[in-house]
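The values are calculated or read from the model by the stated rules, or taken from the named source; none is laboratory data. Keep in mind it's a predicted model, so treat the numbers as computed, not measured. Note that we place each Cβ from the backbone using ideal geometry, even for glycine, and neighbour counts take in every protein chain shown.
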Amino acid sequence: MTRVIHTGDTHLGYRQYHRPERKRDYLDAFRQVVDDAAAEDVDAVVHAGDLFHDRRPTLDDIMGTLSVLRTLDDADVPFLAVVGNHEAKREGQWLDLFESLGLATRLGPDPVEVGATAFYGLDFVPRSKREGFELDLDAHDADHAALVTHGLFEPFDFGEWDPSEIFATTDVEFDALLLGDNHHAETAQVDDTWVTYCGSTERTSAAERDERGYNVVEFDGEVDVRRRGLDTREFVFVDLELGEGEGVERVRQRVGEYDLADAVVVVTVEGEGEPVTPAAVEEFALDRGALVARVTDRRETAEESEREVSFADPDDAVRERVRDLGLSDAARSIDETVRASKVADSNVDDVVQDTVADLVADGDPAAFESAGSAGDDDAADEGSDGDEGPVDADVTPDDGTEAPDEDEDEDGQATWGEYQ
Ligand SMILES: [Mn+2]
């Protein structure tokens, strides 16, 4: 029997809302997970990536992390982990540092056996490297096997990679796929393998409304996945639909119904009524002890917008506009990196530099030639009804050249990347 805590997406070092308190919250949540692991004497803590929010954590972040990992080490609970997209450095990884100190094991193609289970690891694989991807794993002779990795997998929301494609490339049969990247905890079965996201340990965006937590995974003939909650910073979500004639007073009244002490207050206003100045509501919440208050008046944005924007997917409107620009391959690739891809903010400069250097090395000047404008008429015909998915592949620019195939880059990821 093997019992492990499966956690991930701890995003240590993230100073959400520019508040030092929030940075401490991420470390506190990680500490809770580790304290639970030590108290319950689990066989290991498995971390599925994004230990850090970006690849340049401060010395303070590293010291805090070391202190938490030492607690685990003192309790003789191994820390097994893979590298996520947020923290990935080009060469050595932070995880290697912790491994060199004896505080972590970086999972990879060699099985790490804990009790009756062999754990394998796969760091985040960028989209460009998924075609023809194969797992090359050493065999194991344990009763169970699990693969730990980081990325957006089917059958879950935002899934862009089918786990069975990965399973098909190896003889190792996995009892479980322990995942990070999607911050929403969820479990499903794919080809007789349990596939599970543990979720983030603290909210990294206001879209993460559910209680935060981690998984306890037991391998004992069968696989058993259970959720455990974490005591995280209070988030107060107030969604208001204003009626005619209602305005800021109504918003204040509703917000005032909650205990706001030390909370992050997220107010969303829709419906009819008068305009609501966010500052007026934010000040009201802060006066009542809120740590942070954010107000979004969706009606205001809708009125100011000249374009027809579907709020189900504003990215469609951005994609449409970018397509109209008639950018070269190189420029579109840079746009993808800066705006839409899962490259963490702090890594964008290096990735852009690498991308351009690669294109120059390829020596194909066409990559830098403008694709020509797709033209206003074409663009207008495309519409932006929000559920077309990839809309670019069939656009032919005015100059008659064939539009480059963009399937690989267009998958509705634009805003998701910012909070994963
Ligand atoms: Mn993440």
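Tabulated results
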{"read-out": "Residues (crowded, with 16+ Cβ neighbours inside 10 Å and either closer than 20 Å to residue 150 by Cβ or among the aromatic types (Phe, Trp, Tyr) (or both)) located in region 316-345", "value": "336, 337, 340, 341, 342, 343, 344"}
{"read-out": "Unique residue being buried (at least 17 other Cβ atoms within 10 Å of the Cβ) and under 25 Å from residue 122 (Cβ atoms) when the list is 195, 255, 238", "value": "195"}
{"read-out": "Unique residue being touching a Phe, Trp or Tyr at 6+ places or on another chain (Cβ under 7 Å) and either within 16 Å of the ligand (Cβ to nearest atom) or at negative phi (or both) when the list is 122, 152", "value": "152"}
{"read-out": "Residue 131 within 22 Å of residue 351 (Cβ to Cβ) and assigned by the TED database to the domain that holds residue 44", "value": "yes"}
{"read-out": "Search result, residues across region 189-233 that are more than 16 Å from the ligand (Cβ to nearest atom) and over 25 Å from residue 162 (Cβ atoms)", "value": "209, 211, 216, 218, 220, 221, 226, 228, 229, 231, 233"}
{"read-out": "Unmet requirement for residue 244, which otherwise passes all of (1) closer than 21 Å to residue 286 by Cα; (2) touching a residue at least 12 places away in the same chain (Cβ under 8 Å)", "value": "(1)"}
{"read-out": "Restricting region 46-60 to residues that are more than 17 Å from the chain's Cα centre (by Cα) and surrounded by fewer than 24 Cβ atoms within 10 Å (Cβ to Cβ), the residue that is nearest to the ligand (Cβ to nearest atom)", "value": "57"}
{"read-out": "Strands (runs of 3 or more DSSP E) wholly inside region 178-277 that include at least 2 residues being of a type in the set (D, E, K, R)", "value": "213-220, 222-229, 235-242"}
{"read-out": "Tally, over region 258-277, of residues that are surrounded by fewer than 19 Cβ atoms within 10 Å (Cβ to Cβ) and among the aliphatic types (A, V, I, L, M)", "value": "1"}
{"read-out": "Residue under evaluation residue 9, criteria (1) more than 16 Å from the ligand (Cβ to nearest atom); (2) crowded, with 22+ Cβ neighbours inside 10 Å, criterion not met", "value": "(1)"}
{"read-out": "In region 1-49, the residues that are free of Cβ contacts under 8 Å to residues at least 60 places away in the same chain and among the basic types (Lys, Arg)", "value": "15, 23, 24, 31"}
{"read-out": "Single unsatisfied condition, residue 15 versus (1) within 13 Å of the ligand (Cβ to nearest atom); (2) modelled with pLDDT of 95 or more; (3) within 24 Å of residue 337 (Cβ to Cβ)", "value": "(1)"}
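To keep it simple, each residue is scored yes or no on (1) more than 25 Å from residue 168 (Cβ to Cβ); (2) touching a helix residue (DSSP H, G or I) at 6+ places or on another chain (Cβ under 6 Å); (3) at pLDDT below 95; (4) among the basic types (Lys, Arg).
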{"residue": "99", "(1), (2), (3), (4)": "yes, no, no, no"}
{"residue": "109", "(1), (2), (3), (4)": "no, no, no, no"}
{"residue": "117", "(1), (2), (3), (4)": "no, no, no, no"}
{"residue": "128", "(1), (2), (3), (4)": "no, no, yes, no"}
{"residue": "131", "(1), (2), (3), (4)": "no, no, yes, no"}
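Okay, residues lined up against (1) buried (at least 21 other Cβ atoms within 10 Å of the Cβ); (2) of a type in the set (D, E, K, R); (3) assigned by the TED database to the domain that holds residue 8; (4) more than 20 Å from the chain's Cα centre (by Cα):
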site	(1), (2), (3), (4)
67	no, no, yes, yes
82	yes, no, yes, no
85	yes, no, yes, no
94	yes, no, yes, no
100	no, no, yes, yes
104	yes, no, yes, yes
